[in-house]
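Asks: Here it is, the structure in full.
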Amino acid sequence: MKSLALVFGSTALAILMIEIVTRVFLPFPLADRLSGGIPYHYDAELGWAGDAGIDRELVFPESRFRVRTNRWGFRDEEPNDEPAIVFLGDSFAWGWGVEEEQRFSELVGAIRGERTINVSLPGYGPDQELLAYWRLAEREHLRPKAIVLAISSNDTCDLISPQRYGMERPTPLECGEVPLDWAFWEKHSADVEREIIPERLWSHSMRWARTILVRRALAAAQPSCEALGPEQRYAEHVLGLIVREFEKDARTLVVLIPGKGEREREGWRSRLSRDLDALDLGASVLTTGSHFRLDPHWTPEAHRTAAELIARSL
């Protein structure tokens with residue numbers, strides 16, 4: 001009996017120590033979700049959407065920045081019908097790791113002396129950005145002077161994935177007037193169980209275990225974004241259709257965002273800069289200090305370089 005009590009006591013002590021160590025050395029700044037601190041919620045049309053009215057500071061090993069969201073859950077002031085340059089993208093355009101005024105969208109506005117609206121959210125693919133833009137344009141009567149669509153290397157992979165980062169994405173049939181090939185998408189898309197262990201967990205160490213398990217499952221199941229196979233060709237074709245939809249409202253500048261570790265001339269950027277007449281930021285942004293050391297996102301210096309090039313191209 002004493003030995004059994006000793007086993008239970010030792011086990012409880014070990015669990016407690018693991019919990020203490022993870023809370024001290026592996027903190028979750030503000031979130032218990034894979035978004036890494038971005039407050040969001042399920043959205044039947046978009047897959048997920050940002051929470052409205054947030055005002056929080058996010059703290060990471062290499063960056064500290066404040067997140068304020070408008071009533072639509074975007075990190076910007078309240079939108080209205082005044083003419084503006086509209087920026088759309090994922091976490092790069094959203095400004096992960098930098099303050100709002102340090103993002104390339106705000107810097108472009110300052111350089112050109114024009115109003116800007118940022119409709120970006122971490123994890124969004126081009127189809128979600130189009131749907132979010134349509135929603136905002138209809139309900140807020142947006143009048144874009146120009147549209148800047150920021151495309152990252154993982155965006156084409158987003159277009160053929162029903163789930164990303166442990167969250168469900170919209171199916172192609174829901175993407176408005178864009179004529180997508182449902183049979184191809186269904187055949188080549190990933191099929192990942194969204195919930196591996198319960199979403200809400202009181203235990204900090206269990207939240208970390210969930211994060212590791214989910215990320216490993218997603219990495220194993222996601223289609224390749226690197227090889228130029230039929231999936232990548234199809235995704236780039238879909239991206240072209242999405243750009244045409246944006247161009248119905250205003251001149252659209254497609255900006256190609258180089259990721260950490262990419263070469264100055266990467267295959268996907270070379271193809272899209274040719275096929276979509278896109279602005280490839282690779283040669284200019286991929287310099288020493290363009291990305292954080294641990295975080296794959298841009299430093300303030302990279303945002304400034306990008307803003308100068310975008311402002312000249314509009």
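The numbers here are math on the coordinates, done by the rules we state, and not lab data. Just so it is clear, the model here is predicted, and its values are computed rather than measured. Virtual Cβ from ideal backbone geometry, glycine too; neighbours counted across all protein chains shown.
Asks: Please list, in order, the residues from the stretch 278-302 whose amide nitrogen is less than 15 Å from a point placed 7 Å along the Cα→Cβ vector of LYS260.
Replies: Answer for the stretch 278-302: 286-302.
Asks: For labels at LEU294 and ARG115 in the simple 7 Å Cα→Cβ model, what's the distance in nm?
Replies: Each label point is offset 7 Å from its Cα along the Cβ direction, giving 4.0 nm.
Asks: For the stretch 41-102, run through the chymotrypsin sites (Phe, Trp or Tyr not before Pro) and keep only the ones in DSSP coil with at most 13 other Cβ atoms within 10 Å of their Cβ.
Replies: Nothing satisfies the criteria.
Asks: Give the peptides 296-305, 154-163, 108-117 in descending order of average Cβ contacts within 10 Å, highest first.
Replies: 154-163, 296-305, 108-117
Asks: I'd like the FRET efficiency for LEU314 and ARG139, computed as 1/(1 + (r/R0)^6) with the beta carbon distance as r and R0 of 22 Å, rounded to 0.05.
Replies: That pair, LEU314 with ARG139, gives E of 0.30.
Asks: Can you give me the C-alpha center-to-center distance between the stretch 241-314 and the stretch 85-158, rounded to a whole angstrom?
Replies: 13 Å
Asks: Shifting gears a bit: Please compute the modelled spin-label separation between ARG274 and LEU16, points set 7 Å along Cα→Cβ, answer in nm with one decimal.
Replies: Roughly 6.5 nm, to one decimal.
Asks: Hey, another quick one. Compute the length gained on full extension between THR287 and VAL59: take 0.36 nm times their separation in residues and subtract their Cα-Cα distance, giving the result in nm to one decimal.
Replies: Values: separation 228, 0.36 × 228 = 82.08 nm, distance 2.51 nm.
Full-extension gain reported as 79.6 nm.
Asks: Further question: Looking at the square roots a ≥ b ≥ c of the eigenvalues of the Cα gyration tensor of the stretch 44-180, which shape do they give, rounded for a/c under 1.5, prolate if a/b is larger than b/c, or oblate? Don't skip to the answer; put the middle values down first.
Replies: Details: a/c = 1.63, a/b = 1.17, b/c = 1.39.
Oblate, since a/c reaches 1.5 and b/c is not below a/b.
Asks: Report the calculated FRET efficiency for ASP51 and ASP81 (r = Cβ-Cβ distance, R0 = 22 Å), to the nearest 0.05. Let's see the in-between values first.
Replies: Working: r = 24 Å, r/R0 = 1.10.
The calculated FRET efficiency here is 0.35.
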